[in-house]
Structure formats: structure tokens, C-alpha cells
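Enquirer: Shown below is the structure under consideration.
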Amino acid sequence: MRVVAAAVTALLAGCVDPLSQLERQISHYKGQKIDALIDRIGYPDSQSLIAGGVVYIWTTATSLQLEPPSIQTPALEVLGGQVLAEGSAPAPVDVHFRCTLQVDTDGAGTILRLSWKGRLAGCTS
């Protein structure tokens with residue numbers, strides 16, 4: 001997934017639509033041998049033989065913890081049914097993103113289709 005991460009990093013530096021840039025990055029491999037993609041992003045997490053071709057799957061995930069802003073509250077103010085002490089805030093929230101790249105090849109190992117699903121943030125790990 002390094003190629004996907006590199007594409008996302010490059011996009012964040014400029015004013016380019018990240019989704020269309022990601023599509024262009026992965027579609028560049030269509031018509032090439034699967035070895036070119038494996039050399040670039042590493043071995044797939046799984047592969048399956050289907051109808052004389054091979055389907056390769058790469059999956060990445062990213063997790064982060066969002067810290068809510070500090071809230072200055074009067075002592076014992078009720079917020080959403082929860083009693084907060086002065087200066088306290090709700091607990092941090094864990095957020096998980098997942099990205100899956102699927103590559104279909106013919107029997108000779110030529111890439112026919114590339115597709116991804118999930119959250120763009122999951123493709124940056």
C-alpha cells in the first residue's frame with residue numbers, strides 16, 4: 001500500500017482531489033504485469049484463483065484517537081445526562097479506517113482491473 005500512501009501524501013501537499021489522484025495512481029498499473037505492482041507495494045495479504053485468473057487483495061487499516069476539546073464547565077453541570085466536574089471533558093474517541101485494494105489478473109499475470117474500497121484515510125497506512 002506504499003503507492004497508495006505516497007499518492008495520498010503528495011495530494012495533501014497540493015490542491016488536488018485525493019480520490020481522483022488515488023484512482024489515477026492505481027489505474028496506472030492496468031495492463032502491466034502483477035510483479036510491477038508487487039515490487040511497488042509489497043506482497044498481497046491474500047490471493048485466489050478465479051476463472052483462470054488471480055485476484056490479489058491488499059488490506060490496510062489506520063486507527064487514531066480523537067481528543068475532544070477541553071470544556072470549561074461550572075462545577076456539577078449536567079451535560080447530556082452526565083455530570084462533569086469543572087474542566088473535565090468527554091473521553092477520547094477511537095476512530096478506525098480500513099482500505100482494501102483488489103487487483104484482478106488474467107492467467108498470464110496481466111492486470112485487468114484494480115479497485116479499492118473503504119476510507120481514503122485507511123489507504124495512508
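The values are calculated or read from the model by the stated rules, or taken from the named source; none is laboratory data. No experiment lies behind these values; they were computed from the predicted model shown. Neighbour counts are summed over all protein chains in view; Cβ atoms, including those assigned to glycine, are modelled from backbone coordinates with ideal geometry.
Enquirer: Which one of these is surrounded by 12 or more Cβ atoms within 10 Å (Cβ to Cβ) and modelled with pLDDT under 70: Glu86, Glu77?
Expert: Glu77
Results for (1) more than 17 Å from Glu23 (Cα to Cα); (2) modelled with pLDDT of 85 or more; (3) touching an Asp or Glu at 6+ places or on another chain (Cβ under 7 Å); (4) surrounded by 12 or more Cβ atoms within 10 Å (Cβ to Cβ), shown as yes or no for each residue.
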residue	(1), (2), (3), (4)
Asp35	yes, yes, no, no
Asp45	yes, yes, no, yes
Val55	yes, yes, yes, yes
Ile71	yes, no, no, yes
Gln82	yes, no, no, no
Asp94	yes, no, no, no
Phe97	yes, no, no, yes
Val103	no, yes, no, yes
Cys123	no, no, no, yes
